[in-house]
1. Please identify the pairs in which a residue from region 36-51 that is more than 20 Å from Asp120 (Cβ to Cβ) has its Cβ atom under 7 Å from the Cβ atom of a residue that is hydroxyl-bearing (Ser, Thr, Tyr) and surrounded by fewer than 18 Cβ atoms within 10 Å (Cβ to Cβ), counting only partners at least 6 apart or on another chain.
2. Collect the residues in region 13-59 that are crowded, with 17+ Cβ neighbours inside 10 Å and out of contact with any Leu (no Cβ under 9 Å at 6 or more places or on another chain), keeping them in residue-number order.
3. Contact list please: Cβ distance under 6 Å, first residue in region 135-156 and free of Cβ contacts under 8 Å to residues at least 24 places away in the same chain, second residue not polar (S, T, N, Q), pairs at least six apart or on different chains.
4. Is there a residue in region 143-163 that is more than 26 Å from Leu14 (Cβ to Cβ), among the charged types (D, E, K, R) and surrounded by 11 or more Cβ atoms within 10 Å (Cβ to Cβ)?
5. Check off (1) under 17 Å from Glu80 (Cβ atoms); (2) touching a helix residue (DSSP H, G or I) at 6+ places or on another chain (Cβ under 8 Å); (3) surrounded by fewer than 14 Cβ atoms within 10 Å (Cβ to Cβ) for Ile182 and give me the number that stays unchecked.
6. Taking Tyr40, is it more than 18 Å from Ser112 (Cβ to Cβ), more than 23 Å from the chain's Cα centre (by Cα) and not acidic (Asp, Glu)?
7. Filter region 85-130 down to residues that are of a type in the set (S, T, N, Q) and closer than 22 Å to Val163 by Cα and give me whichever is modelled with the highest pLDDT.
8. Looking at (1) modelled with pLDDT of 95 or more; (2) among the β-branched types (Val, Ile, Thr); (3) more than 25 Å from Gln6 (Cα to Cα), which is the one condition that is false for Val142?
Amino acid sequence: MDRRLQIYREASALILERGFAGASMSDIAVAVGLTKAGLYHFVSSKEDLLYEIMLHGMAKLEHDVIAPALAEADPATRLEVIVRRHIRNVVGADSALRNPISIVIDEPQGLSPERRREIDARKRRYMDLIRDTLTALQARGVVRPELNPTVAAFTIIGTIMWVARWRRPNGRLSLDEISDQIVGNLLSGLRGPAA
């Protein structure tokens, strides 16, 4: 499994850099120190590789973010758990790496329609969790009543996903400091101006 994870990470980095069409199986093989034939020992096609990366990424998101968030009864705590844990999930366990989940957002067109529907359904469940959390906060008067929970949920996901693209492991702010800033900015935006 470690070799597969290495393949997923290297392929993810190339796909993020070049797009699905621009990352060849030959390039991926070189990046992981295999021949092209050796790479095909682990995956049968480029689409299968993308699908496996997406399945891995979604499983990691469900384990790292969704399950802990669902354990939180309080919607304010749940939202903070979602944001903080998703940021860590996107950055990756080794903060120098990005999690393959990023590709789920960027490259679904590389999948067959059936596989895309499967991945989209899993993404939709996550989106629903965030939207439902925002709706619960709205019902409690914590979130502005005019706020559209769907737009806000997409904004939250977009903000989190972008962290993997701009954050540098040796940057001025630690990952916790970045998370604090993002949580603060999102919550103040959801609440609106102070009275």
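The values are calculated or read from the model by the stated rules, or taken from the named source; none is laboratory data. Please read all numbers here as calculations on a predicted model, not as lab measurements. Note that we place each Cβ from the backbone using ideal geometry, even for glycine, and neighbour counts take in every protein chain shown.
1. Correct list of pairs: Lys36/Ser26.
2. Leu14, Leu16, Leu34, Lys46, Glu52, Ile53, Leu55, Gly57, Met58
3. Thr135/Pro149; Pro149/Arg131; Pro149/Leu134; Thr150/Arg131
4. yes
5. (3)
6. In short, yes.
7. Narrowing region 85-130 to residues of a type in the set (S, T, N, Q): 89, 95, 99, 102, 109, 112.
Narrowing the set further to residues that are closer than 22 Å to Val163 by Cα leaves 89, 95, 99, 102.
On the way: Asn89: 89, Ser95: 47, Asn99: 65, Ser102: 68.
Among residues in region 85-130 that are of a type in the set (S, T, N, Q) and closer than 22 Å to Val163 by Cα, the one modelled with the highest pLDDT is Asn89.
8. Among (1) modelled with pLDDT of 95 or more; (2) among the β-branched types (Val, Ile, Thr); (3) more than 25 Å from Gln6 (Cα to Cα), the lone unmet condition for Val142 is (1).
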